[in-house]
Structure formats: C-alpha cells, structure tokens
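Here is the structure we will look at.
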Amino acid sequence: MLSEEIVEKIRKEVGKYPVPKAAVKSALRYAQEERGWVDDQVVRDVAEVLNLEPIEVQEVATFYDLFYTHPVGRHQLRVCTNISCMLCGSDSVVDYLHEKLGISPGETTADGRFTLVEVECLGACGGAPVMMVGNQYHENRDPGRIDGILAELEAVAE
Ligand code: FES
C-alpha cells in the first residue's frame with residue numbers, strides 16, 4: 001500500500017483537474033518516488049485512490065518512459081540520444097558510462113546504485129548532449145565531465 005502521505009498528495013492533486021484520470025501522471029510520479037518503481041501493486045493502489053480501473057493507470061505507466069515498470073537503481077542516468085544530442089556526442093556519453101559502470105542501457109549495476117537509460121528528447125536540445133539524473137538536467141555533458149556527477153552520486157548513494 002501507498003503511504004498515507006502519498007495518498008494525501010494524490011488526493012490533493014486530483015483537486016487540480018476536472019477529472020481524476022488527469023491526475024494519473026502526478027499520482028504515478030509520487031508513487032514512484034516512494035516505491036522506486038511502478039509494479040502491479042502500485043498500479044492497483046493508484047487506481048484505487050483515483051477510483052479508476054487499473055488498466056487506465058497501467059496504460060499511462062507504460063507509455064511514459066519516466067515511469068519504471070521494472071526495478072531500477074537508486075540513481076537513474078537518463079541519457080538523451082535523440083537527434084540533437086546524438087549529433088553533439090551522446091553516443092560517447094553512453095559509451096563512457098558503459099565502460100565506467102559496466103552496464104549497457106537498460107541495465108543496473110550489481111550494487112544497485114545506477115541504472116543507465118537511453119531516452120528520447122528531454123526538451124533541452126540547446127544544451128545537447130543532455131543527461132538527466134533524478135529531476136536534474138546536466139547539459140553539455142562530455143565524458144570528461146561525467147566523473148564529477150558520478151562521484152557526487154556515489155557520495156550520497158549509501
Ligand atoms: S535531442 Fe536531446 S534534449 Fe532534445
């Protein structure tokens with residue numbers, strides 16, 4: 001079950017929209033922040049709070065790549081590989097992270113710290129190549145500037 005705090009946040013979110021279904025994305029975001037990823041139980045719990053059918057929640061959870069429908073590491077390294085970022089070197093960012101962490105896109109390190117994800121345009125093309133970690137954007141990333149980000153994350157990973 002979702003915590004009372006999350007249920008309350010979801011109920012407040014519903015009040016912002018004309019229909020509860022419009023609050024699904026926000027509800028899933030809150031639930032994922034608490035549970036780490038969106039499993040079947042989260043889908044059922046969110047549906048129950050919003051008084052929707054679980055499929056109405058599931059279809060949103062599986063459409064947006066911001067929602068993880070499988071377990072992920074404590075830090076998700078989301079590297080945009082769409083056209084602007086690709087032209088500015090996102091492949092070298094992915095390759096560097098692959099070599100540094102020993103994981104390919106879609107995989108999680110054995111210690112559960114990092115998951116590497118290739119994503120579509122993050123809407124910050126002017127800062128390509130872009131990597132998103134948590135809610136923070138890191139623009140103009142090149143492999144040489146990634147070590148600092150990883151070091152910061154490792155410092156808070158425990
Ligand atoms: S193409 Fe990477 S942010 Fe738009």
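Values as computed for the structure displayed
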{"item": "Checklist (1) outside the structural domain of N135 (by TED's automatic domain parsing); (2) within 16 Å of the ligand (Cβ to nearest atom) applied to P18, failing item", "result": "(2)"}
{"item": "Neighbours by Cβ (under 9 Å, 6+ apart or cross-chain): first from the stretch 80-94, acidic (D, E); second more than 6 Å from the ligand (Cβ to nearest atom)", "result": "D91/T81; D91/P129"}
{"item": "Test: G89 is within 16 Å of the ligand (Cβ to nearest atom) and within 23 Å of S26 (Cβ to Cβ)", "result": "no"}
{"item": "Residue that is surrounded by the fewest Cβ atoms within 10 Å (Cβ to Cβ) [pool: residues in the stretch 6-16 that are of a type outside the set (K, R) and without any contact (Cβ under 8 Å) to a residue 24 or more places away in the chain]", "result": "G15"}
{"item": "Complete set of residues in the stretch 34-60 that are charged (D, E, K, R), part of a helix (DSSP H, G or I) and either open to solvent by less than 40 Å² (accessible area, probe 1.4 Å) or free of Cβ contacts under 8 Å to residues at least 24 places away in the same chain (or both)", "result": "D40, R44, D45, E48, E59"}
{"item": "Condition met for V19 (at pLDDT 95 or above and open to solvent by less than 50 Å² (accessible area, probe 1.4 Å))", "result": "no"}
{"item": "Matching option when the condition is of a type in the set (F, W, Y), loosely packed, with under 12 Cβ neighbours inside 10 Å and more than 16 Å from the ligand (Cβ to nearest atom), among F63, F67", "result": "F63"}
{"item": "Filter result for V156 (under 17 Å from the mean Cα position of the chain (by Cα) and of a type in the set (V, I, T))", "result": "no"}
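The values are calculated or read from the model by the stated rules, or taken from the named source; none is laboratory data. None of these values were measured; they are calculated from a predicted model. When we count neighbours, we look across all protein chains shown, and the Cβ atoms used for this are built from the backbone with ideal geometry, even at glycine. Remember, those area values only see protein heavy atoms, side chains included, never the ligands or the DNA or RNA. Shrake-Rupley method; radii C 1.70, N 1.55, O 1.52, S 1.80 Å.
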